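Asks: Handing you this structure, nothing more for now.
What follows draws every value from the coordinates through simple rules; no lab data is involved. Source: prediction; values computed, not measured. FYI the Cβ positions are ideal-geometry reconstructions off the backbone, even for glycines, and counts take in every protein chain you see.
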Amino acid sequence: MLVPIDLHNHSCLSPCGDDDFTPSLLAVEAMEQGIEILALTDHNCARNLPAFAEACELCCILPLFGLEVTTSEEVHVLTLFPKLEDALEFGSFVEFLLSPIKNDRRLFGRQLVVNLEGEVQEEVETMLAFATSLPFSDVVEEALSRDALVIPAHIDRFANSALANLGFLPDLPYSALEAIHPPVHADTHDLVVLTGSDAHTLEQVGRRTCSLEMHDCSYESLKNALAKRNEVSYRS
Ligand SMILES: [Zn+2]
Ligand SMILES: [Zn+2]
């Protein structure tokens, strides 16, 4: 079966995300667009994932609990966990590796932790979108050792991507790659190349999704489909 997936989305916790863009709204909009596996991947922080878990359960969507980690070279890497607790633990680890620079909310926007209803629970003060102190290869290794899916983000982008910032894609055991406009004119190591919305506003949900040939709609099947390089089709 072809399963529609979207593994790259932000929320009001990301400084560049709309303040009104809550995890619940993300889940509801994705459900209405027929997405069956959905990830929330805020920059270097996991604190909106508990609300996302509740929302996905209500929407009957399979959630992946993610972070978009910024490496010390300013490369973005998607790290996706099947279990909320593992993502929260990794999130604490990643936040600890951020420089203690205070967010300038007038310049970058607010960083809001919300509950299922969208009520603000706290505002994160440390700037979340800057680089962590962890190099690219260490981010990949750390996340894989915690059984996450690891996907270098938007590899065809001219900033914050492995190809742009490192000049090449290091030969590491990624789960897949993500591109804005596949196919990518570079060595993709025969990996599945996915697209994701990278939504920062409600209107951007579903703007780039893809469907993957899978046995059923489960995390194990997703992992197997990526490992077996199953067919992917793009929807834009
Ligand atoms: Zn990014
Ligand atoms: Zn992103």
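Asks: Might you let me know whether segment 111-132 holds any residue that is in a helix (DSSP H, G or I) and either at negative phi or surrounded by fewer than 24 Cβ atoms within 10 Å (Cβ to Cβ) (or both)?
Replies: Step one: list which residues in segment 111-132 are in a helix (DSSP H, G or I), which gives none.
Looking for residues that are in a helix (DSSP H, G or I) and either at negative phi or surrounded by fewer than 24 Cβ atoms within 10 Å (Cβ to Cβ) (or both), one finds none in segment 111-132, hence no.
Asks: Which of the residues that make up segment 118-132 are of a type in the set (Gly, Ala, Ser) and over 20 Å from residue 168 (Cα atoms)?
Replies: At the first step, the residues of segment 118-132 found to be of a type in the set (Gly, Ala, Ser) are 118, 129, 131.
Selection gives 118, 129.
Asks: Give the residue that is farthest from ligand 2 (Cβ to nearest atom), with candidates limited to residues of segment 5-46 that are part of a helix (DSSP H, G or I) and surrounded by 24 or more Cβ atoms within 10 Å (Cβ to Cβ). Explain how you work it out, then say what you get.
Replies: Filtering segment 5-46 down to residues part of a helix (DSSP H, G or I) leaves 23-32.
Among the residues that remain, those that are also surrounded by 24 or more Cβ atoms within 10 Å (Cβ to Cβ) are: 23, 26-27, 30.
Values: 23: 15, 26: 13, 27: 17, 30: 15 Å.
Only one residue tops the list, namely 27.
Asks: Looking only at segment 47-57, count every residue that is surrounded by fewer than 24 Cβ atoms within 10 Å (Cβ to Cβ) and in a loop (DSSP other than H, G, I, E, B) and tell me the total.
Replies: Number satisfying all stated conditions: 1.
Asks: For residues in segment 76-97 being crowded, with 24+ Cβ neighbours inside 10 Å and outside any helix (DSSP H, G or I), which is nearest to ligand 1 (Cβ to nearest atom)?
Replies: Applying the filter and picking the extreme gives 76.
Asks: What number of residues within segment 151-196 are touching a helix residue (DSSP H, G or I) at 6+ places or on another chain (Cβ under 8 Å), among the hydrophobic types (A, V, I, L, M, F, W, C), surrounded by 22 or more Cβ atoms within 10 Å (Cβ to Cβ) and not in a helix (DSSP H, G or I)?
Replies: 3
Asks: Follow-up question, since we're still on this one. Consider segment 200-211. How many of its residues are small (Gly, Ala, Ser) and either part of a loop (DSSP other than H, G, I, E, B) or over 26 Å from residue 227 (Cα atoms) (or both)?
Replies: Applying the first criterion (small (Gly, Ala, Ser)) to segment 200-211 yields 206, 211.
Checking which are either part of a loop (DSSP other than H, G, I, E, B) or over 26 Å from residue 227 (Cα atoms) (or both) leaves us with 206.
Adding up the residues that qualify gives 1.
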